[in-house]
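Visitor: Questions regarding the structure given below will be posed in turn.
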Amino acid sequence: MKYPPTDLKILNKIYENHYGDYVQKKEIYIEVDVGRLSKELKADYLIVMMRFYQHFNAKHFSIGSVDGVKRLLFNVEQDGPSGKLTHRVNFSLLASVLADLRQQHEQFRSNYLTAVLSAVFAAISAAGAIVPILREGARPPAVVKPAPIQVEKQELDAPKKDALVTPAKKQHDPGTPTGDRR
């Protein structure tokens, strides 16, 4: 199953094929040969044509600010007596839409590249952490237990050498005079 061409691919091909016509004729609407375009894109004629009118026109259109007329990206005109249908593209609007699509594509590519590089660096980092473990073998690293803390036991009854000693109250000696003389 062949995938249909992207919007960017279709509009790029139209731009490449008809830029010279736009510069030479200086008209807003430029004739597009849908048959030639579908052959170059290797896509079915009806798919490309219906994509113009049902997808692109619904997604990208311009409304004129002066006259309020809806300006379509793709338009079809019927020639007078021959009745031949002519497909036309609003080339200035196509250039604007194409610039937006190219910008979105570049942004997608840069985001994608950033994501790929991030994944590569993450894999390298994980490998850097795993390789030393694999070199030691499949055994887990040794766990070092801390030595138990030794606490000296002190006897409760023994007085401490450094304890503050308070003097005992002196008892009154009957042979010494007190400050009371009567």
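The values are calculated or read from the model by the stated rules, or taken from the named source; none is laboratory data. Just so it is clear, the structure is predicted and the values come from calculations on it, not from any experiment. FYI the Cβ positions are ideal-geometry reconstructions off the backbone, even for glycines, and counts take in every protein chain you see.
Visitor: In the range 19-49, which residue that is of a type in the set (A, V, I, L, M, F, W, C) and exposed (fewer than 12 other Cβ atoms within 10 Å of the Cβ) is modelled with the highest pLDDT? Spell out the reasoning first.
Guide: Step one: of the range 19-49, the residues of a type in the set (A, V, I, L, M, F, W, C) are 23, 28, 30, 32, 34, 37, 41, 43, 46-49.
Still in the running and exposed (fewer than 12 other Cβ atoms within 10 Å of the Cβ): 23, 46.
Working: Val23: 83, Leu46: 88.
Only one residue tops the list, namely Leu46.
Visitor: If Arg71 meets every condition in (1) modelled with pLDDT under 85; (2) exposed (fewer than 12 other Cβ atoms within 10 Å of the Cβ); (3) within 36 Å of the chain's Cα centre (by Cα) apart from one, which number is that one?
Guide: (2)
Visitor: Checking the conditions here, which among Arg88, Arg102 is within 22 Å of the chain's Cα centre (by Cα) and of a type in the set (Lys, Arg)? Before the answer, list the steps.
Guide: On the way: Arg88 fails: within 22 Å of the chain's Cα centre (by Cα).
Step by step, each of Arg88, Arg102 is checked, and only Arg102 is within 22 Å of the chain's Cα centre (by Cα) and of a type in the set (Lys, Arg).
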